[in-house]
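To keep things clear, I will list the structure first and then write my remarks on it.
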Amino acid sequence: MRRLVDLAILGFLSEEPLHGYELRVRIARLSGHVDTISHGTLYPAIKRMETAGLLTRTSQPGAAAAPRHVLALTDAGRAELREWLRDPPAPFITDENRWFALLAFLRYLPDRAAQAAVLRRRLTFLEQPSSFFYDGDRPLAAEDIDDPFRRGVLRIARATSKAEMTWLTETLDELTAPGNRSE
């Protein structure tokens, strides 16, 4: 059950009960143009999570004749979200889109030390030499590439990583400062 849509369902429902359509809109906004969400993805996930006892569905009268279903997180759903946030699968650390989704809900992990551990995993990942382009096993830097477009990819990625690493370091300092170790 470790998919982006599952995390988003748990995360958004931890904020407030939502109608299915409202949930779909929020997930679409979070994932942006990269990973749109269809009815064929969302509603089976909701049904699976409802069957697992992670959320409940209640009916309310709709504006038209059809009732609207309101989804709410159960205590088991909140526990599942906290466990997910405490130990996210590797793709949620290494893939930028999944990382942003995880980060959007990390505040629901109440233990600052656990939050810091997740941020350290991301920082460690970013500190590893990598590239989108390689010469054999050697990662290529922007300065190694003649193609201006590939060089652009690497320069943008470097600037983004540098900004994120600065933010991660600052946030880790805040989370681990004396008096801020737990809520």
Legend entry - Cβ-defined net charge surrounding Arg57, 10 Å radius [Lys, Arg +1; Asp, Glu -1]: 0
Legend entry - Cβ-derived FRET efficiency at R0 41 Å, Arg68 paired with Tyr134, nearest 0.05: 0.20
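Every read-out reported here was derived from the displayed coordinates using simple, explicitly stated rules and does not represent laboratory data. Note that the structure is predicted; figures quoted are calculated from it, not measured. We place every Cβ from the backbone using ideal geometry, glycine too, and count neighbours over all the protein chains shown.
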